[in-house]
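Trainee: Take this structure, written in structure tokens, and hold onto it; I'll ask about it next.
The values are calculated or read from the model by the stated rules, or taken from the named source; none is laboratory data. All values derive from a computational prediction rather than experimental measurement. As a convention, Cβ positions derive from the backbone with ideal geometry for all residues, glycine included, and neighbour counts pool all protein chains shown. Note: areas computed on protein heavy atoms with side chains; ligands, DNA, RNA excluded. Shrake-Rupley method; radii C 1.70, N 1.55, O 1.52, S 1.80 Å.
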Amino acid sequence: MNVLVKGAGVAGLTAAYELACRGAAVTVAEVRPHLGGNASWAAGGMLAPWCERESAEQAVLDLGRGAADWWDAALPGQVSRAGTLVVAPPRDVGELDRFASRTSGHRWLGEEDIAELEPDLAGRFRRGLLFPGEAHLDPRRAMAALHDKLVAMGVDFHFATDGQGLSGFKYEVDCRGIAADDAVLRGVRGEMLILHTPDISLSRPVRLLHPRFPLYIVPRADHHFMAGATMIESQDASPVTVRSMMELAGATCALHPAFGEAAIVEMSAGVRPAFADNLPSVETLGNGVAINGLYRHGFLLAPAMARRAADILFNPDKRVGARA
């Protein structure tokens, strides 16, 4: 079975992997000249289905439960399984109760518990929530590693092309995200900062609750941190605005004042593809399927959507539209 996958974001790479593992001959076409530069490249990489349930449907939790295991099996050593810590400033401590009431899979922490988990946050928060079953990875490292593994498996990559000049494929899998020709998709803009400071160490993603501007900080290698992310109903992929930069930077300082001296290594914006219900979709096409609408759950839900797409292509009797 020869399959063309359009798009080398997280949806395209995971779909290519699932198909190649099942014996398909896979070619990936990416319109950008190299890997990255898309919404996946600006992602946080949190594999946090229980936390996401606070504002998402039950389907996100159900589909996302196995994501950490999928990534661990595909890319051993890339996943950190230290859980997620959720805290709130003293004036917003009621937000913790609201968050807890809408989620599961957590346990309450006191001030000493928080200090034991994250020593650099000692004395800053009286209560918190730990989601021990959650995990995270570095999206850029994961995408590069998955690309390299796919190449080693015989997957052919073509960059700087939309795939129109390529032929001879039985099926196509459209994973182009917001660039897909789908009138019902909408764009949700996300902005993020990558910061560097040797003055802080974190072992896990930390979510700071705020009724107006919630923040998450995800640790990366060598005292780098990803701070994100705004959610703006817009398909504008222009650079980060001053307002968003100031709000993100201010929120990081609320987590720890030492972030005020951190170097801003990068400011990036991406446009997440979303449907009206914010749930992903695997839809059948004339000669294949389309994976889209991963919204803010790309790395969390892409494995489940990739499996679903591969199931459809390898089982013709399952070739019906499938929403999450």
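A quick yes/no check of all residues on (1) of a type in the set (Gly, Ala, Ser); (2) part of a helix (DSSP H, G or I); (3) within 30 Å of Ala115 (Cβ to Cβ); (4) open to solvent by 10 Å² or more (accessible area, probe 1.4 Å):
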position: Ala16; (1), (2), (3), (4): yes, yes, no, no
position: Ala29; (1), (2), (3), (4): yes, no, no, no
position: Leu35; (1), (2), (3), (4): no, no, no, yes
position: Ala56; (1), (2), (3), (4): yes, no, no, yes
position: Ala59; (1), (2), (3), (4): yes, yes, no, yes
position: Asp62; (1), (2), (3), (4): no, yes, no, yes
position: Asp72; (1), (2), (3), (4): no, yes, yes, yes
position: Gln78; (1), (2), (3), (4): no, no, yes, yes
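Trainee: Can you confirm whether the stretch 81-92 contains a residue that is farther than 25 Å from Glu191 by Cα, modelled with pLDDT of 95 or more and in contact with a Phe, Trp or Tyr (Cβ under 9 Å, 6 or more places away or on another chain)?
Mentor: no
Trainee: I would also like to ask the following. Among the candidates Phe299, Phe314, which residue alone is out of contact with any strand residue (DSSP E or B) (no Cβ under 6 Å at 6 or more places or on another chain) and within 30 Å of Pro89 (Cβ to Cβ)?
Mentor: Phe299
Trainee: Which residue, of Ala249, Ala263, is under 22 Å from Arg140 (Cβ atoms), surrounded by fewer than 15 Cβ atoms within 10 Å (Cβ to Cβ) and of a type in the set (A, V, I, L, M, F, W, C)?
Mentor: Ala263
Trainee: Working carefully through the options Gly270, Gly286, Gly293, Gly298, find the one that is among the small types (Gly, Ala, Ser) and more than 21 Å from the chain's Cα centre (by Cα).
Mentor: Only one candidate qualifies: Gly286.
Trainee: Is the stretch 2-12 home to any residue that is of a type in the set (D, E, K, R), open to solvent by 20 Å² or more (accessible area, probe 1.4 Å) and more than 13 Å from Asp156 (Cα to Cα)?
Mentor: The answer is no; no qualifying residue exists.
Trainee: What tally of residues in the stretch 81-102 results from selecting those that are farther than 15 Å from Pro211 by Cβ and surrounded by 20 or more Cβ atoms within 10 Å (Cβ to Cβ)?
Mentor: Summing the residues that are farther than 15 Å from Pro211 by Cβ and surrounded by 20 or more Cβ atoms within 10 Å (Cβ to Cβ) in the stretch 81-102 gives 3.
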